[in-house]
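For reference, the structure is listed below as structure tokens.
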Ligand SMILES: Cc1ncc(C[n+]2csc(CCOP(=O)(O)OP(=O)(O)O)c2C)c(N)n1
Ligand SMILES: [Mg+2]
């Protein structure tokens, strides 16, 4: 499936939003306004945007700690997301989840998870639930090359395949697991080949090409909706920023980063395609301006929002309060 020009334009906007959101978070983190930890997806925005264009609102998304772009593309409110970053009561987790647990069940966005690889087993449950309810929805999870080495990843894919659940595994192979290059963690550089062991149809995709991502996810969605079971997509991509904020990045060369940043950037490539299809530079600039306004509005909304009441500490948790 190819993207229509309006779809490509929407995808371009999604990617700009993801990038502007993360860049704003970086700035707010450096100012001490956002606390905790921050894992940005800069350079990887096409995976989430390409997938989101192929999904419906009722399709399930399970992402990880590098999932801001995935959730924004799937439709989480930038206001609720930014308020969550600032720990405010209006946040998507009432200010109690932070960067790594964004959730919007109405948009099919299940709580994100910081446990590396946790999405692979949980997506089986989400896909199974839809199947048992007789729905034709699919459930997608994003995870990294490092996560693909977790033992549970393999148990989960095995189960997804034997139960033929509509799970879509999207592996963002960004060549590093924290500070460790893939050459030190995986003997096979094409992680998609592992899916063959579980008879899961798999493909390797240029993860920085939004059209290629959309096309591959469309195929997986069709398979899932038609009862054909799970799919595996390996998206070759790269984070052009550190693993987390404060990462000194001494484990890779500046030239490598620069090459990906200047030659393979997914937003730049989508912008060039839009120009080829007849959009003007001014039209692209107008999209950026509107994204910037969305971010400014989200930050203001977050700053104007209260912190959660201290009594909220025991709400939404499974533990019993400690008796006085
Ligand atoms: C179970 C578990 N082990 C270790 C960690 C620490 N950790 C956080 S991110 C990460 C690297 C994961 O790399 P990858 O799956 O390639 O994802 P990427 O960060 O590159 O997107 C590790 C080891 C964790 N959060 N959870
Ligand atoms: Mg990785």
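The values are calculated or read from the model by the stated rules, or taken from the named source; none is laboratory data. Only a predicted model underlies this, so the values are computations on that prediction, with no experimental measurement involved. In this analysis, Cβ positions are derived from the backbone assuming ideal geometry, glycine residues included, and neighbour counts consider all displayed protein chains.
Below is a table of values for the structure above.
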quantity	calculated
Set 320, 276, 312: member being surrounded by 13 or more Cβ atoms within 10 Å (Cβ to Cβ) and either over 22 Å from residue 18 (Cβ atoms) or modelled with pLDDT under 95 (or both)	312
Output for the stretch 157-208, where each listed residue is within 14 Å of ligand 1 (Cβ to nearest atom), surrounded by 16 or more Cβ atoms within 10 Å (Cβ to Cβ) and either in a strand (DSSP E or B) or within 21 Å of the chain's Cα centre (by Cα) (or both)	169, 170, 171, 172, 173, 174, 175, 176, 177, 182, 191, 207
Test: residue in the stretch 174-193 that is in contact with a strand residue (DSSP E or B) (Cβ under 8 Å, 6 or more places away or on another chain) and at positive phi	yes
Scope the stretch 4-52; condition buried (at least 23 other Cβ atoms within 10 Å of the Cβ), closer than 22 Å to residue 216 by Cα and away from ligand 1 (no atom under 16 Å from the Cβ); matching residues	11, 12, 14, 15, 16, 49, 50, 52
All helices (runs of 4 or more DSSP H) inside the stretch 239-316 with 2 or more residues being within 16 Å of ligand 2 (Cβ to nearest atom)	254-263
Residue in the stretch 206-213 that is on the phi < 0 side of the Ramachandran plot, without any contact (Cβ under 8 Å) to a residue 60 or more places away in the chain and in contact with a helix residue (DSSP H, G or I) (Cβ under 8 Å, 6 or more places away or on another chain) present	yes
Selection count where residues are more than 16 Å from ligand 2 (Cβ to nearest atom), assigned to a helix (DSSP H, G or I) and surrounded by 21 or more Cβ atoms within 10 Å (Cβ to Cβ), scope the stretch 137-156	1
In the stretch 212-236, the residues that are surrounded by fewer than 21 Cβ atoms within 10 Å (Cβ to Cβ) and in a helix (DSSP H, G or I)	212, 215, 218, 219, 222, 223, 225
Pairs where the first residue, in the stretch 170-183, is in contact (Cβ under 8 Å) with a residue 60 or more places away in the chain and more than 14 Å from residue 243 (Cβ to Cβ) and the second is within 7 Å of ligand 2 (Cβ to nearest atom) and not in a strand (DSSP E or B), C-beta under 8 Å, 6+ apart	171/145; 173/145
Those residues of the stretch 90-140 which are within 21 Å of residue 21 (Cβ to Cβ) and within 16 Å of ligand 1 (Cβ to nearest atom), in sequence order	97, 98, 99, 100, 101, 102, 111, 112, 113, 114, 119, 140
